[in-house]
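Read the figures in this text as sums done on the coordinates, not as results from a lab. Since we're looking at a predicted model, the values are computed, not measured. Virtual Cβ from ideal backbone geometry, glycine too; neighbours counted across all protein chains shown.
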């Protein structure tokens, strides 16, 4: 079964959104690096790797299903930050945006009765739930501990321990 053009185009746009996410998270890492918060910078550098891996998964899926992948222009991130909380809040907002986009792709797949693509997107739906939880937890941690220099130091040290683990797809 060939992928419907509407769905294929939506997945192509999702690739673009995942690459934009990586680009955006690089700006977050740069902000924290400039602030001397290498753990927070590390957290977002891991996010960069995750977002790129998501784009690669979608790209491979389209290629494996004989759908032409189109590399679209990547928008320039336009976020500016006034404090250490700003990137964390921007990350949650962005993850909610990506979740809505994945849900839109899922709705199109469902409408087309493309169960194979729905199975792929099931993984992304679960992943987005984890992404939103992580972003929300980081905000809560900053609210609780970030106002105290020692608490901020401990959070930064905790985030330095995060390592990238390539996702495994259930396919």
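Ordered by packing density, taken as the mean number of other Cβ atoms within 10 Å over each peptide's residues, highest first, how do 126-139, 22-35 rank? Intermediate results must be reported in sequence, preceding the final value.
Details: 126-139: 15.7, 22-35: 18.9.
So the order, starting with the most tightly packed, is 22-35, 126-139.
Between residue 168 and residue 139, what is the label-point separation in nm under the 7 Å Cα-to-beta-carbon projection?
Calculated label separation equals 3.3 nm.
If I take every Cα pair under 8 Å that is 6 or more residues apart in the stretch 98-161, average their sequence separation and divide by the length, what percent do I get for the relative contact order?
Numbers: 23 pairs, mean separation 15.1, N = 64.
About 24 percent, as a whole number.
Provide, as a two-decimal number, the C-alpha radius of gyration of the stretch 104-154 over 2.2 N^0.38 Å, N being how many residues it has.
On the way: Rg = 18.0 Å, N = 51, 2.2 N^0.38 = 9.8 Å.
Against the empirical 2.2 N^0.38 Å value, I get 1.83 for the stretch 104-154.
Given Cα pairs under 8 Å that are at least 6 residues apart, what percent is the relative contact order of the chain? Intermediate values should be presented prior to the final figure.
Numbers: 165 pairs, mean separation 52.1, N = 171.
Worked out over the chain, it gives 30 percent.
Relative contact order, percent, of the stretch 57-143 when contacts are C-alpha pairs under 8 Å separated by at least 6 residues? Before the final figure, lay out the partial values.
Working: 37 pairs, mean separation 27.8, N = 87.
Computed over the stretch 57-143, the figure is 32 percent.
In Å, what is the Rg of the alpha-carbon atoms in the stretch 22-113, and how long is Dmax?
Over the stretch 22-113's Cα set, Rg and Dmax evaluate to 15.8, 50 Å.
Let me see the P(r) profile for the stretch 51-171: every Cα-Cα distance counted, bins of 5 Å, each bin given as a percent of all pairs.
Per 5 Å bin, starting at 0, the Cα pair percentages come out as 2, 9, 14, 19, 18, 14, 10, 7, 4, 2, 1.
For 18, 93, which order do you get if you count the other beta carbons within 10 Å of each Cβ and list the fewest first?
Lowest to highest Cβ neighbour count: 93, 18.
Evaluate the distance, in nm, between pseudo-label points positioned 7 Å from the Cα of residue 158 and of residue 89 along their respective Cα→Cβ axes.
Modelled inter-label distance: 2.1 nm.
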